[in-house]
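Reviewing the structure listed below.
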Amino acid sequence: METQVFVRDIKPEEFVALGELLVDVYSTLVNFPTPLEQPAYYEMLKGIGEFTKKPGARVLVALLASGELAGGVVYFGDMSQYGPAIAVDVKHASGIRLLGVHPKCQNMGIGKALAIACIAAAREQEHSEVILHTTKAMQTAWGMYERLGFARSPDLDFLQGELSVFGFRLSLGGR
């Protein structure tokens, strides 16, 4: 069931809340590394606001009509800032990373709204594709990405420690 959601750029006073939300979401995924197994990854999630300092990066938040924070994502309009080394040289592309939705807001269209906002930003930049990575632990997101038209791109796969991370691309045409 989709609900009314508003997507906008994060405000500095929301950095801590979104960081905590993302840590909570990712740390409860089954078969995903724990904060003890990958502390640097969770520190990155906790410090999500730092991404706003990267050239071409935006942190977007989804808010319910009540104003409650429902989720967030990082959009990269400059792939050199994306992170996973395997994708930083992709030209004419945007990237999506670290999408997370509060557990009580899942299956309400929040993740979809965040992904669509990122796709719209890529189109505004006239990029030819959007790149993202996900894992087997994120099957709900995986399915959503496929429904939005993303296709598996094995050339973008990599290992994060012992965790297999899978690449996806969405062609926007052009270039």
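Read the figures in this text as sums done on the coordinates, not as results from a lab. Not measured: the values here are computed from a predicted model. Backbone-built Cβ (ideal geometry, glycine too); neighbour counts: all protein chains shown.
Summary table
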{"item": "For the range 3-51: rounded, prolate or oblate by the Cα gyration tensor [a/c cutoff 1.5]", "result": "oblate"}
{"item": "Along each principal axis, Cα extent of the chain, largest first, Å", "result": "40, 35, 32"}
{"item": "Computed lengthening from E13 to T140, 0.36 nm per intervening residue step minus Cα-Cα distance", "result": "42.8 nm"}
{"item": "Equivalent ellipsoid dimensions for the range 55-136 as semi-axes, Å, which come from the Cα gyration tensor, largest first", "result": "24, 13, 10"}
{"item": "Relative contact order of the range 2-131, defined on C-alpha pairs under 8 angstrom at six or more residues apart (%)", "result": "27"}
{"item": "The range 87-175: C-alpha gyration tensor shape, a/c 1.5 cut-off, then a/b vs b/c", "result": "oblate"}
{"item": "Label point distance in nm, K91-I116, each placed 7 Å from Cα along Cα→Cβ", "result": "3.3"}
{"item": "Inter-probe distance in nm under a simple model that places probes 7 Å from Cα toward Cβ, at R123 and Q4", "result": "2.3"}
{"item": "222 nm mean residue ellipticity, helices alone, for the chain (DSSP H n ≥ 4; -39,500 (n - 2.57); rounded to 500)", "result": "-8000 deg cm²/dmol"}
{"item": "Label point distance in nm, V30-K53, each placed 7 Å from Cα along Cα→Cβ", "result": "3.9"}
{"item": "Centre separation in Å (Cα based) which lies between the range 93-126 and the range 20-59", "result": "16"}
